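Chemist: Quick one: the structure is below, questions incoming.
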Amino acid sequence: MSTISHMQQELQLLEEHSNLRRLPRMVHDGRDVIVDGKRMLNLSSNDYLGLASDRALREEFLRTLTPDTFLPTSSSSRLLTGNFTVYEELEAELAHLFGTEAALVFNSGYHANTGILPAVSDAQTLILADKLVHASLIDGIRLSAAKCIRYRHNDLAQLERLLKEHHSAFRQIIIVTESIFSMDGDQANLPALTELKRRYGNVLLYVDEAHAFGVRGRQGLGCAEESGCTGDIDFLVGTFGKAAASAGAYIVCRKVIREYLVNRMRTLIFTTGLPPVNIAWTLFVVRRLADMRERREHLAHISRTLREALQAQGYTCPGASHIVPMIIGQSADAVLKAEALQRHGFYALPVRPPTVPEGTSRIRFSLTADIRQEEIEELKKRTENLK
Ligand SMILES: *Cc1c(COP(=O)(O)O)cnc(C)c1O
C-alpha cells in the first residue's frame with residue numbers, strides 16, 4: 001500500500017472512533033472565543049490567572065516600550081549573539097524569587113523537558129517517571145541514554161521499592177514527576193518525594209510545575225513553594241505559557257547544573273532565543289505574580305465549587321486543582337456532551353485517547369481566575385441537564 005493511502009486509512013479509523021483531531025478555527029475576544037460565529041466563555045484555557053485576557057495589563061506593558069526596546073527577535077542562539085540583558089534580568093529575578101543559586105530560561109516547556117533529561121543522563125542513569133507525566137517529558141526520556149521505569153501514578157510505595165532495588169546499580173537515579181497533573185488535575189506529594197530522595201546519596205528529583213506556576217504558593221511560585229520544598233528539588237521546571245500569560249520556560253537550580261545545561265543542552269544551544277520583547281513581558285508579569293493572591297484565591301474557590309457540584313451529580317472528578325476533569329467514559333459520549341455545553345455558551349472540550357486511557361474520555365474544565373461565580377452556577381445547571 002502506498003504511503004498516502006496508508007495515511008488516509010489511518011485517518012479514517014481515527015474518524016470512526018471519534019478520535020480525529022483538527023486545528024480549531026476561532027477568534028479570541030478576552031475571556032470568550034468565537035467559533036463558527038458563536039460566542040462562548042472559554043473553559044479550556046491555560047490562562048489560569050486571567051492575565052492574557054487583561055487588557056489593562058497589556059496597555060501598561062506597551063507604555064514601557066519604545067522602538068528601541070521593542071525587539072521582536074534575538075536573531076541568534078543565546079550561545080552566540082542572542083543573549084540580551086533582559087534574559088539575565090529575568091533569570092536573576094527567578095533565582096531571587098525562588099531563593100536558588102541560579103535560573104535558566106528556555107524557549108518553551110517542550111524545549112525544557114526534551115532538553116534537560118538528555119543533557120544530564122547517561123547509560124548509568126535510571127529515570128523513574130510517574131506513569132502520567134506529560135508527553136514532553138516522555139520525549140525527553142526517549143532522547144536520553146538513560147534506562148527508564150514508569151511507576152504507577154503517584155504510587156510512592158512502588159517508587160520506594162524501585163529505589164531500594166536499583167539505587168546501587170546506577171550512578172544516579174532521577175525521579176521525574178509533575179506537581180499538578182495535566183489530565184487528572186491531581187497532585188504529587190512533593191514533601192514525601194523529597195523525603196524518599198534524601199535517603200539515598202545518588203537520587204535527584206525533577207518536578208514540572210507547568211500547571212502550578214503562578215497558581216500555587218503564597219508568591220505564586222508553585223507547589224514547591226506551597227509545600228516548602230523548593231531547596232530539595234534538583235530540577236525545578238515551570239513554564240510561562242500558562243498562568244504567566246507569555247511563552248517560554250525556566251529551571252531554577254544549582255549553579256553547576258545551570259552551567260552544565262549551557263554546555264550540554266541541545267534544545268538550548270541549537271535554537272534561536274525567544275524575542276527580547278517576549279522576555280521583557282515575562283519579566284513584567286513575573287514581577288507582579290506575588291500580588292495576584294486574590295486571583296489565586298478566587299480560582300481555588302470556583303474550582304472547589306465546580307468539582308463538588310459535579311461529584312454531587314455523580315461524576316468522577318479526580319484531583320483538587322483548577323483543572324477539573326469530568327470523566328464520561330466513551331469518546332463519542334464525551335464529544336456529544338461537550339457539544340451540548342458549547343450550545344449553551346460554554347467552550348468545554350472533550351479529551352480522548354491517546355491523550356487519556358481508553359474508556360476514560362472526559363470533559364476537561366480548565367478554569368481561570370476571570371470566570372465569575374455566577375457563571376459557575378450556570379454551568380452547574382447545564383451539567384445537571386446533560387444526564
Ligand atoms: C504545557 C506543558 C508543557 C509544555 O510547555 P510549553 O511551554 O507549552 O511547551 C510541559 N509540561 C507540562 C506538564 C505541561 O502542561
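The values are calculated or read from the model by the stated rules, or taken from the named source; none is laboratory data. Bear in mind the structure is a predicted one, so any value in this text is a computation, not a measurement. Cβ placement follows ideal geometry from the backbone for every residue including glycine, while neighbour counts extend to all protein chains displayed. Surface areas here come from the heavy atoms of the whole protein model, side chains and all, with no ligands, DNA or RNA. Shrake-Rupley method; radii C 1.70, N 1.55, O 1.52, S 1.80 Å.
Chemist: Quick one: which residues, 5+ away or cross-chain, put their amide H under 5 Å from the amide H of residue 71? H built at 1.01 Å from N.
Modeler: 277
Chemist: Quick one: which residues, 5 or more positions from residue 44 or on another chain, have an amide H under 5 Å from its amide H? H modelled 1.01 Å from N in the peptide plane, none for Pro or chain starts.
Modeler: 366
Chemist: Charges only on Cβ, +1 for Lys and Arg, -1 for Asp and Glu: so what's the dipole of the stretch 206-274 about the Cα centre, in debye to the nearest 20?
Modeler: 240 debye
Chemist: Would you mind classifying the stretch 285-333 by shape? Square roots of the alpha carbon gyration tensor eigenvalues, ordered a ≥ b ≥ c; an a/c under 1.5 is rounded, otherwise it is prolate if a/b is larger than b/c and oblate if not.
Modeler: Note, shape of the stretch 285-333 comes out prolate.
Chemist: Let me ask you something else. At a probe radius of 1.4 Å, what is the per-residue accessible area of residue 326, in Å² to the nearest 10?
Modeler: 0 Å²
Chemist: What do you get when you divide the Cα radius of gyration of the stretch 85-290 by 2.2 N^0.38 Å, with N the number of residues?
Modeler: Cα Rg divided by the expected 2.2 N^0.38 Å: 0.95.
Chemist: Now for a separate question. In the stretch 166-234, which chymotrypsin sites (Phe, Trp or Tyr not before Pro) are in a loop and have at most 15 other Cβ atoms within 10 Å, using DSSP for the loop call?
Modeler: 200
Chemist: Quick one: check the C-alpha center-to-center distance for the stretch 1-17 versus the stretch 225-303, whole angstrom.
Modeler: For the stretch 1-17 versus the stretch 225-303, the Cα centre distance is 40 Å.
Chemist: If you look at just the Cα atoms of the chain, how large are its Rg and its Dmax in Å?
Modeler: Expressed in Å, the Cα Rg and Dmax of the chain come to 21.5, 61.
Chemist: Find which of 6, 324, 336 sits farthest along the positive direction of the dipole of the chain, computed with +1 on the beta-carbon of Lys and Arg, -1 on that of Asp and Glu, about the Cα centre.
Modeler: Looking along the dipole axis, the top candidate is 6.
Chemist: Ignoring ligands, DNA and RNA, what percent of the 1.4 Å accessible area of the chain is carbon and sulfur?
Modeler: 52 percent
Chemist: Okay, helix-only estimate at 222 nm for the chain: each DSSP H run of n ≥ 4 adds -39500 (n - 2.57), divide by all residues, round to 500 deg cm²/dmol; what do you get?
Modeler: That comes out to -12000 deg cm²/dmol.
Chemist: Give a quick list of trypsin sites (Lys or Arg not before Pro) in the stretch 144-219 that DSSP marks as loop, anything other than H, G, I, E or B, with at most 16 other Cβ atoms within 10 Å.
Modeler: Here the trypsin sites (Lys or Arg not before Pro) that fit, given the DSSP loop and packing criteria, are 152, 171, 199, 218.
Chemist: Name the GluC sites (Glu not before Pro) in the stretch 286-387 that are in a loop by DSSP and that have at most 14 other C-beta atoms within 10 Å, would you?
Modeler: Of the GluC sites (Glu not before Pro), the ones in loops of the stretch 286-387 whose Cβ has at most 14 other Cβ atoms within 10 Å are 358.
Chemist: Also, quick follow-up: If 31, 307, 343 are ordered by their accessible area, calculated over protein heavy atoms with a 1.4 Å probe, which sequence runs from highest to lowest?
Modeler: 343, 31, 307
Chemist: Based solely on C-alpha atoms, express the radius of gyration and the Dmax of the stretch 320-387 in angstrom.
Modeler: My reading of the Cα-based Rg and Dmax gives 11.9, 34 Å.
Chemist: What full-extension length gain, to one decimal in nm, is calculated for residue 34 and residue 15 as 0.36 nm per residue of separation minus the Cα-Cα distance?
Modeler: Between residue 34 and residue 15, full extension yields 4.4 nm more.
Chemist: Student exercise: in the chain, how many lysine pairs 8 or more apart or on different chains have Cα atoms under 22 Å apart?
Modeler: 13
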